[in-house]
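Written out below as structure tokens is the structure these notes cover.
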Amino acid sequence: FSSEALSLGPFCLQGAEAHHLSHVMRTKVGDEVVLFDGSGDEFDARVTEVGRKGVQFVVTDQRSIDRELTRSLELAVSLPRGDRSEWLTQKLVELGVSLLTPWQTTRSVAVPNAKTVQRLDRQVIEASKQCGRNRLMRIGPPVSFCDVVSADHHAVRLFAHPGPPDPNSSARATSLVRLSDRLRDRSIRHVVVGVGPEGGFTDEEVRQAQQHGWQAVDLGPRVLRTETAAMAIAAWLMLNWPESDEVES
């Protein structure tokens, strides 16, 4: 991955990526590699020099390859502690999520900051290299629950929350299966999903979300960890959205 925009011709890769290429991958002069800069293009390149200041290439070809979902999928997640946040980030990259926003809810445990975002950004790059994704999933700045639910997303808005047993309750959740037809609608271009902490959302947070048009989604009778719930919804959407916007036969 290059943080600098790539183009045909000579190029020098520096920093952590150059160190990984030369010391871990042990690249040598003449090796062929594929570079990407997050723009959606991939670049064939040949190594011309491996030195202390970086790895020199000649970029020989440029091509556009689209591996993104056909819809924009954003997740706002009350991040779990430690390595679980990094693992979640890696998996959401693989599943095609476009934006991960750390949000603070009443029962959130981890308190993300600028260092958290920086650490997760690194996980995005590593996961993108692993899965072949050439557009980087963005990590948004930490925001409050109220800021997310009250924002004008112009999107379908869902939040993971088990419904109460009372069928007459206004907070009753629905399943993703029941939303299938709606979510497959080709006019839908953008979906935002909110996932709370392991303690769940408070009654007041549920009320606020529904007042702003968010739909509660029940993921089943078992209690899921934050990262499991986030992955389950993202995977379901990935597998149920059409792979292209062409008319199906």
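Once neighbouring chains are kept in place and the probe is 1.4 Å, which whole percent of the accessible area of region 1-81 is contributed by carbon and sulfur?
49 percent
Counting each pair of different Cα atoms once, what's the Kirkwood radius of region 1-87 in Å, rounded to one decimal?
Here the Kirkwood hydrodynamic radius works out to 14.9 Å.
To the nearest 0.05, how large is the calculated FRET efficiency for A114 and V24 if R₀ is 25 Å and r is the Cβ-Cβ distance?
Approximately 0.35, to the nearest 0.05.
Is it possible to state the helix-based mean residue ellipticity at 222 nm for the chain, with each DSSP H run of 4+ residues giving -39500 (n - 2.57), the sum divided by total residues, to the nearest 500 deg cm²/dmol? What is it?
Only helices count here, giving -8000 deg cm²/dmol.
I'd like the Karplus ³J(HN,Hα) series for region 52-61: coefficients 6.51, -1.76, 1.60, θ = phi - 60°, whole numbers in Hz, and an x wherever there's a Gly or Pro.
5, 8, x, 10, 8, 10, 10, 7, 9, 8
Which aspartates and glutamates, if any, have their Cα less than 14 Å from the Cα of K129, not counting same-chain residues under 8 positions apart?
E17, D37, D41, E42, E94, D121
Please give the residues of region 54-85, grouped as numeric ranges, whose backbone N is less than 19 Å from a label point set 7 Å along the Cα-to-Cβ vector of A5.
59-65
Per residue, how much accessible area does the chain have with a 1.4 Å probe, in Å²?
Spelled out: the 1.4 Å probe surface of the chain, per residue, equals 54 Å².
Looking only at the chain, where both bridge partners belong to it, what percent of the DSSP beta bridges are antiparallel (to the nearest 5)?
Percent antiparallel among DSSP bridges in the chain is about 50.
Using modelled amide H (1.01 Å from N, peptide plane; none on Pro or chain starts), what sits under 5 Å from the amide H of A173, excluding residues fewer than 5 places away?
G163
Using a basic spin-label model with each label point 7 Å from the Cα along Cα→Cβ, how many nm lie between V223 and Q130?
2.8 nm
Taking θ as phi - 60°, what are the ³J(HN,Hα) couplings along region 175-182 by the Karplus curve (6.51, -1.76, 1.60), each to the nearest whole Hz, with x for Gly and Pro?
For region 175-182, the Karplus-derived couplings read 9, 4, 4, 5, 8, 3, 4, 5 Hz, x marking Gly and Pro.
By DSSP, what percent of the beta bridges with both residues in region 25-139 are antiparallel, rounded to the nearest 5?
70 percent
Reachable aspartates and glutamates from K28, Cα under 14 Å, same-chain residues fewer than 8 places away excluded?
By straight Cα distance, K28 reaches E49.
Determine the relative contact order of the chain: mean sequence separation of Cα pairs under 8 Å and six or more apart, normalised by residue count, in whole percent.
Relative contact order here is 20 percent.
Could you work out the relative contact order of region 1-136, using alpha carbon pairs under 8 angstrom and six or more residues apart, expressed as a whole percent?
23 percent
The values are calculated or read from the model by the stated rules, or taken from the named source; none is laboratory data. These numbers come from a predicted model, not from an experiment. Cβ sites come from the backbone with ideal geometry, for glycine too, and all protein chains shown count toward neighbours. The protein model used for the area step is the full one, side chains on, heavy atoms only, and it has no ligands, DNA or RNA in it. Shrake-Rupley method; radii C 1.70, N 1.55, O 1.52, S 1.80 Å.
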